Amino acid sequence: MAKKENFPSTTVIGSYPVFVPQAVLNQHAAFADEVEDPVESSIQLSVRDFLSAGIEYPSTGQTRDTFVRIFLDPDYVSGISKHGSEIVVTEKIARRKPIRLADVQTAKEVIPAYYGLKEPVTDPYTLARNCRIEGSTYDNLKELSYAIAKEIIRPELESIQTYVDYLQIDAPYFSLEPFRDYIVDLYEELLSGLKVPVVLHVCGDTFSVFSQLIKLKKVDVISLDFTSSDRLTDEISLRNFDQKIGLGCVSTSSPVVEPVKSIANVIKRVSSKVGEDRIRFIHPACGERGLSLDAAYQKNVNLTLARNEVYLGEPQTAHSVSLEESEYDPNGYFLVQVDNQEQRIVVSFNSYNHLPLVRLQSASGEKLISAIIDNKIISNTEYGKRHLGYVGYEIGKAETALRNKLPYRQDRPLSLPGIY
């Protein structure tokens, strides 16, 4: 079924469960020239998890520090010092070098061209709120916010915009305290002239601040949490605004994986009041760093399934039709076997008098299937196409068995040793 005209894309807010312990990151920082970069492989793993779950606009998923401290790291920003957990502004700040560029490039290399990339950067006001100003370097929070926007965040956005489809600004403080009167001007200066659309993500209960958020005219999508209260939905339905909405419909504060039907109900409830045409993204309520890896992955899977159910309806129920012997692939049949000692899968394509016509071996199921297609083993008939689906399924089982030291039997479900 084709997508509807107003069909929101799936995305994530940014963070994903940590693949690399902090001790390993510290070791790499101390021996950067000698130790392989652990974050690069972690980003690749995160992106692949996002794509596998059905996320159409993933992010890097991994950072080298928290999303406050990474943008105020003395290695990247001059005029900053760290006293334990405290970040101190000691003099005029300036960005020494790109902060997230290399990691964004790593993610971009993993993502197929038909997916997008949306990368978060921390809001300058949020960063300023987490600093202590020493001496008379900056007079107040407003002045520091403008300096961070100009010297750190704007150059950072410009450096990564070539590689992303959306830039995202994370601004958690907007829902926690009164909206400062200078934020609108701050964002006008921060975002003017950027070449890609901008998403503003504000977590928490944004009911009281939504009327202020829509004043940020340079923002294209306002990304919000709809899991905690219906009053935000009612508030949005009363407002006139130009921005699209990002619909956060899966909790990231609870380890419980919500059923698809529950997530679908949130999407239906919000879109019915806000308007389907206003929904640009379907996403988790916030970053997923605090979840277990399995919970985060399954939440993203269920989010995608719920989005599809709401906008495309229930999937068709699969059924199979048993083939008569006269309908078998006329070229022959497959025998799939696992050689555990040699750590390989052996695939034989035999004639019906049991003469092996082609024999292939590899530990990689993907390579075996590609070789079967490239060698044109299977007949170009409807039954041949069914045969290809069958052998792909069996090779996948065989590879799973090989990797997990399980017994493999063709045409039988995988089972643990001793269970038949």
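At-a-glance table
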| quantity | calculated |
| --- | --- |
| Condition check for residue 237: surrounded by 13 or more Cβ atoms within 10 Å (Cβ to Cβ), free of Cβ contacts under 8 Å to residues at least 40 places away in the same chain, farther than 17 Å from residue 301 by Cβ and more than 24 Å from the chain's Cα centre (by Cα) | yes |
| Failed criterion for residue 143 (all others in (1) over 21 Å from the mean Cα position of the chain (by Cα); (2) touching a residue at least 12 places away in the same chain (Cβ under 8 Å) hold) | (2) |
| In region 299-315, residue surrounded by the fewest Cβ atoms within 10 Å (Cβ to Cβ) [restricted to those that are hydrophobic (A, V, I, L, M, F, W, C) and over 17 Å from the mean Cα position of the chain (by Cα)] | 312 |
| Every residue from region 116-128 that is in a helix (DSSP H, G or I) and either of a type in the set (Asp, Glu) or more than 16 Å from residue 77 (Cβ to Cβ) (or both) | 125 |
| Residue count, region 364-375 (criterion: surrounded by fewer than 16 Cβ atoms within 10 Å (Cβ to Cβ) and touching a strand residue (DSSP E or B) at 6+ places or on another chain (Cβ under 9 Å)) | 3 |
| Pick from region 52-70, criterion in a loop (DSSP other than H, G, I, E, B) and among the polar types (S, T, N, Q), ranking: farthest from residue 80 (Cα to Cα) | 59 |
| Qualifying residue in region 249-258 (condition: without any contact (Cβ under 8 Å) to a residue 24 or more places away in the chain, surrounded by 14 or more Cβ atoms within 10 Å (Cβ to Cβ) and closer than 30 Å to residue 47 by Cα) | yes |
| Residues within region 71-83 that are of a type in the set (Ser, Thr, Tyr) and in a strand (DSSP E or B), tallied | 2 |
| Failed item, numbered, when residue 406 is tested on (1) part of a helix (DSSP H, G or I); (2) surrounded by 13 or more Cβ atoms within 10 Å (Cβ to Cβ); (3) modelled with pLDDT of 90 or more; (4) not β-branched (Val, Ile, Thr) | (1) |
| Options 162, 106, 122: the member that is β-branched (Val, Ile, Thr), within 30 Å of residue 10 (Cα to Cα) and touching a Phe, Trp or Tyr at 6+ places or on another chain (Cβ under 9 Å) | 122 |
| So residue 77, is it over 30 Å from residue 307 (Cβ atoms), crowded, with 19+ Cβ neighbours inside 10 Å and either outside the structural domain of residue 153 (by TED's automatic domain parsing) or touching a residue at least 24 places away in the same chain (Cβ under 8 Å) (or both) | yes |
| Selection status of residue 275, at positive phi, surrounded by fewer than 19 Cβ atoms within 10 Å (Cβ to Cβ) and either among the aromatic types (Phe, Trp, Tyr) or outside the structural domain of residue 368 (by TED's automatic domain parsing) (or both) | yes |
| Meets criteria (modelled with pLDDT of 90 or more, under 31 Å from the mean Cα position of the chain (by Cα), part of a helix (DSSP H, G or I) and hydrophobic (A, V, I, L, M, F, W, C)) for residue 371 | no |
| Flag for residue 350 being surrounded by fewer than 20 Cβ atoms within 10 Å (Cβ to Cβ), under 37 Å from the mean Cα position of the chain (by Cα) and more than 30 Å from residue 46 (Cα to Cα) | no |
| Complete set of residues in region 47-89 that are at pLDDT 95 or above and among the polar types (S, T, N, Q) | 59, 60, 78 |
| Conditions (1) closer than 29 Å to residue 220 by Cβ; (2) touching a Leu at 6+ places or on another chain (Cβ under 9 Å); number of the one not met by residue 101 | (2) |
| Unique match (being at pLDDT 95 or above and aliphatic (A, V, I, L, M)) among 176, 157 | 157 |
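The values are calculated or read from the model by the stated rules, or taken from the named source; none is laboratory data. Worth saying up front: this structure is predicted, and the values here are computed from it rather than measured. Reconstructed Cβ throughout: ideal geometry from the backbone, glycine too, with neighbour counts over all protein chains shown.
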